[in-house]
Amino acid sequence: MSRPGKDKLYISETPDEVKNAKGLHLITMSTPNGQAVQIMLEELADAYGTQWTTTLINIMTNEQKKEWFLRLDPNGRIPVLIDNSQDPPFPVHETSAEMFYLLKYADKEDRFGFKDELERNEAIQWTFFWHGSGAPYQGQVNHFSRAAPEKIGYAINRFKKETLRVYGVLEIHLSGKYSGEPKEYLAGFGKGKYSIADMKTWPWVKGWERTGFEQKDMDEFPHLLKWIDRIAERPAVKRGIGEKYNQS
C-alpha cells in the first residue's frame with residue numbers, strides 16, 4: 001500500500017515555509033518537548049553538519065489544532081518533524097519517535113545511540129521512562145499550578161509527589177546506588193554515554209524551579225543536579241534552547 005501523497009499532507013492553508021521545505025523541517029515551539037528535538041538537531045549539526053529548516057508556531061493560539069497541522073499530526077501537538085527527502089514527504093510526530101527517526105537516518109555512526117544491542121535497549125528504556133512517566137507527571141504539575149482556572153490542591157500535590165518520585169528514580173540510577181558505579185549519563189555501560197535518552201529527559205528536569213520546586217526539594221538528588229549541569233554546558237544544548245527558537 002502506498003503512503004498519502006504530498007497533496008494529502010499539504011493544503012492551501014499550510015504555511016509556504018512548511019510545504020516548500022527541502023530535507024528535514026521542524027515545526028516547533030521551545031517547550032521541553034520541542035527543545036528535546038531542537039537539541040538533537042543541533043547535536044547532529046555539530047557531529048555531521050546536518051541541516052534543517054524550522055517553523056515556529058505559538059501553541060497558545062491553537063495553531064496546532066488547525067487542519068494544516070492535523071494532517072501532519074492528528075494529535076495536534078508540537079513538535080513535528082517532516083522529512084521531505086522521502087517521496088512523498090514523511091511526517092513524524094511524538095518527540096521520542098522523532099528522535100529515534102533522526103537516530104536511524106541522520107546519526108549513521110551512532111554518536112548519540114549505541115551499536116551494542118544491550119546498550120541500545122538501555123537508551124530505549126530511559127527514553128520511554130521519561131516519555132511515559134516523567135514528562136506526563138511534570139506536565140500536569142505545570143498545568144495545575146499555572147494554567148488551570150481553578151487551583152486544585154489535591155492535583156497539584158499528587159503530581160508534584162509523582163514528579164519528585166521519578167526524579168528519585170533518576171537519582172538512584174545516576175548515583176549507582178544498586179549497581180555500585182555512579183553514572184554520568186542515563187544509558188550505556190559504565191559511566192554511560194551522552195545519548196538520545198539524556199536529550200529527551202534533560203529539557204524537562206532542568207526546569208524544576210519553573211515547575212515550582214525549591215532547592216530543598218532537590219537536595220536529595222545531588223547526582224541528578226550534577227547531571228543537569230553537565231549537559232547544560234554542551235554548546236549544542238545551549239543553542240537548542242536558545243534565541244533562534246524564541247518567537248519575536
Fill in the blank from the handout: region 211-248 and region 1-46 have their Cα centres apart by a whole-number Å value of 25
Handout entry: Antiparallel DSSP beta bridges within the chain, as percent of all bridges there, nearest 5
Key = 65
Practice task
Using the structure shown, list the pairs from Lys6/Lys200; Lys200/Lys226; Lys160/Lys191; Lys104/Lys193; Lys104/Lys226 with a Cα-Cα distance above 25 Å, or answer none.
Solution key: Lys6/Lys200; Lys160/Lys191; Lys104/Lys226
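Considering only protein heavy atoms, what per residue accessible area in square angstrom results for region 124-238 with a 1.4 angstrom probe?
Working: 5750 Å² over 115 residues.
Value for region 124-238: 50 Å² per residue.
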Handout entry: Segment Arg165-Lys8, length gained on full extension (0.36 nm per residue, minus Cα span)
Key = 52.2 nm
Completion exercise
Looks like region 180-248, by Cα gyration tensor root eigenvalues a ≥ b ≥ c and the a/c under 1.5 rounded cutoff (else prolate when a/b is bigger than b/c, oblate otherwise), is oblate
Practice task
Quick one: angle between helix 32-48 and the longest Cα principal axis of the chain, in degrees between 0 and 90, rounded to 10, please.
Solution key: 80
Practice task
Calculate the spin-label point distance for Asp16 paired with Asp229, positioning each point 7 Å from the Cα along the beta-carbon direction, and give it in nanometres.
Solution key: 4.9
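Do me a favour and compute the ellipsoid semi-axes for region 50-153 from its Cα gyration tensor, root of five times each eigenvalue, largest one first, whole Å. Before the final figure, lay out each step's value.
Details: eigenvalues 163, 101, 19 Å².
That gives 29, 22, 10 Å for the three semi-axes.
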Handout entry: Alpha carbon centroid spacing (whole Å) that separates region 104-121 from region 77-97
Key = 20
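Using Cα pairs under 8 angstrom and six or more residues apart, how large is the relative contact order of region 57-110, in percent?
Details: 47 pairs, mean separation 12.0, N = 54.
Relative contact order here is 22 percent.
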Completion exercise
Whole-percent carbon and sulfur contribution to the accessible surface of the chain (1.4 Å, no ligands, DNA or RNA) stands at 52
Problem - Degrees separating the helix 153-175 axis from the principal Cα axis of the chain, which is the longest one - result: 80
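Quick check for you: with a 1.4 Å probe and neighbouring chains kept, what is the accessible area per residue of region 1-76, in Å²? Provide the component values of the computation, followed by the final result.
Numbers: 3750 Å² over 76 residues.
Per residue, region 1-76 has an accessible area of 49 Å².
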Fill in the blank from the handout: Nearest 10, in degrees from 0 to 90: the angle of helix 117-129 to the longest Cα principal axis of the chain is 90
Handout entry: Fraction of the pair-distance distribution of region 110-184 above 19 Å, Cα-Cα pairs, percent
Key = 50
Completion exercise
With -39,500 (n - 2.57) per DSSP H segment of 4 or more residues and division by the full residue count of the chain, the 222 nm estimate, nearest 500 deg cm²/dmol, is -14000 deg cm²/dmol
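The values are calculated or read from the model by the stated rules, or taken from the named source; none is laboratory data. Every value quoted in this text rests on a predicted model; they were computed, and no experiment measured them. Glycine also receives a Cβ, built like all others from the backbone with ideal geometry; neighbour counts cover every protein chain displayed. Note: areas computed on protein heavy atoms with side chains; ligands, DNA, RNA excluded. Shrake-Rupley method; radii C 1.70, N 1.55, O 1.52, S 1.80 Å.
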